[in-house]
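Participant: Encoded as structure tokens, here's the structure I'll be asking about.
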């Protein structure tokens, strides 16, 4: 399925009833999921995030722009953030199975529809704009609402769609397609906008205009063509300004990170800290506007742990916690990852039904009269516990007194363990889902020859999947034994018994999963596939038993009792 994200910015952040009416029309469109609503009082602006299939997103965006134009009067609007319309900007972002080029075409369709039907001046930007001289949002928006009454009359600023008359009530709107952008504000312990801007100019890619003598009041230096010469900032793909937020009583560096692969969140934070300190200013915290990709936070967590020479092989939850606390993302308001991380919001809760249970509920569910979860899910969970024990030994070893020089060695082992653990945890629910898929296939109608053919194919497809899932459990659990053996050999000697228990769990996971592979394979018609997977399964089982024996020998020799 193709998925597009839409992040419209509306020029209203005070009257939540207006925002609610706008989000209501968004949610009225089938195929769209509202992910986040982030109003700002000082900016008098709300960032809304929703996702869906391309046509559904375009329909929802159209309705939202229409409703915003009805409810928001730009002639009365005041706010810190640059703006030019009731719906100021409306970007579309490719999320899944869709290219930027395709997304740009959908953005153009939306822009044409809004311009023609709603009679709002529309400007295309980023990937949707073919004229690169007017593809940058800040260039398009220069002069803001107040300056557009004259700007729109200039030939070079004729709208791409809609009337060449500035709408005093609704303003103008910029629509386009772009990569994922992270809107990020860093809080400073100053009330001086001028000093905050100095820090912003230090870090933003565009930097500052070069001047002779006095960096503020000196004469602007120009090149041979009379164009101002710029001193670039230290961060690529970063736009930034400084502003005072009356609501908080402090200044912020407001940044757009336009390519988080070039400048990640944690690098932007650290660089602002560095430049602020050079100017006698302290960073007190920061805030994210809207949603953030999971990788932003996990990469930040790893970065800050590495700076402390601590193991990065910790859970996703712990990495996020480190990121939040280090960057002070919760200074101004609580930061709940479940509400702010895009992957968490897109996650289907049904897919994690079992692993979201507590231990007692999971055991009760297993013991109930329902046939699922069964041995396959339990094998995956036992395997996850086995590698978790080895990962624990790696983390304890990384932090062991006197072993400080070896922290990175054990961190690498711990990170490998976490990767296997996370995959096995997912397979707990996937194995039960595979069983349910078979049951659903058997329940399909079989009254006609066509229905029988469809049913048979569905059963075969589901059966193959039910073979592949436990086979993957076998592979991962066997792979985990390499890490378990290493921890038995070189890990913290006080935890060698934990490595031994981990080996027993991994062995049980492999053998238990193989039982499920074999029983499900008995119902699959492709005997060549069956013979191949059974042969590979036997090989994994044999290697597992041999490796388990080696590990237990090491463990028993070290225990020595």
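Participant: Sorted by average packing, counted as other Cβ atoms within 10 angstrom per residue and highest first, what order do 27-40, 487-500, 437-450 take? Show your work: numbers first, answer last.
Facilitator: On the way: 27-40: 17.0, 487-500: 20.4, 437-450: 12.4.
Order by mean packing, descending: 487-500, 27-40, 437-450.
Participant: Of the DSSP beta bridges with both residues in segment 182-346, give the percent that are antiparallel, rounding to the nearest 5. Write down the numbers at each step before the final one.
Facilitator: Numbers: 24 of 25 bridges.
The answer is about 95 percent antiparallel.
Participant: Helix 100-113 against the longest principal axis of the chain: what's the angle in degrees, Cα atoms only, rounded to the nearest 10?
Facilitator: 50 degrees
Participant: List 10, 149, 166 from most exposed to least, where exposure is judged by having the fewest other Cβ atoms within 10 Å. Numbers along the way, then the final one.
Facilitator: Values: 10 29, 149 12, 166 21.
Sorted ascending by nearby Cβ count, the order is 149, 166, 10.
Participant: Moving on. If packing is taken as the average number of other Cβ atoms within 10 Å across a peptide's residues, how do 316-325, 174-183, 375-384 rank, most packed first?
Facilitator: Working: 316-325: 18.5, 174-183: 22.7, 375-384: 25.6.
Highest to lowest by the protection proxy: 375-384, 174-183, 316-325.
Participant: Percentage of Cα-Cα pair distances in the chain greater than 33 Å, rounded to whole percent?
Facilitator: Details: 87624 of 157080 pairs.
Of the Cα pairs, 56 percent sit more than 33 Å apart.
Participant: Can I ask one more? From the square roots a ≥ b ≥ c of the eigenvalues of the alpha-carbon gyration tensor of segment 182-346, which class results: rounded (a/c under 1.5), prolate (a/b over b/c), or oblate?
Facilitator: Working: a/c = 2.19, a/b = 1.85, b/c = 1.18.
Taking the square roots of the gyration eigenvalues as a ≥ b ≥ c, segment 182-346 is prolate.
Participant: Measure nothing fancy, just the Cα-based angle from helix 54-71's long axis to the longest principal axis of the chain, in degrees from 0 to 90, nearest 10.
Facilitator: Taking Cα atoms only, the helix is inclined about 40 degrees.
Participant: Can you give the translational diffusion coefficient of segment 438-508 in µm²/s, computed by Stokes-Einstein from the Kirkwood radius over Cα pairs at 25 °C and 0.890 mPa s? If you can, show how the numbers build up before the last one.
Facilitator: Details: Rh = 15.1 Å.
Roughly 162 µm²/s, to the nearest whole number.
Participant: By how many degrees, 0 to 90 and rounded to 10, does the Cα axis of helix 294-307 deviate from the longest principal axis of the chain?
Facilitator: Roughly 80 degrees between the two axes.
Participant: While we're on this one: 222 nm [θ] for the chain, helices only, -39500 (n - 2.57) per DSSP H run of 4+, per residue, to 500?
Facilitator: Values: 17 runs with 287 residues, N = 561.
Result for the chain: -17000 deg cm²/dmol, rounded to the nearest 500.
Participant: Percent antiparallel among DSSP beta bridges with both residues in the chain, to the nearest 5?
Facilitator: Working: 45 of 55 bridges.
Close to 80 percent.
Participant: How far apart, in nm, are the 7 Å Cα→Cβ label points at residue 557 and residue 158?
Facilitator: That separation, rounded to one decimal, is 8.4 nm.
Bear in mind that the values in this text are calculations on the coordinates, not laboratory data. Just so you know, these numbers come straight off a predicted model, no measurement behind them. Note that each Cβ is placed from the backbone with ideal geometry, even for glycine, and that neighbours are counted across all protein chains shown.
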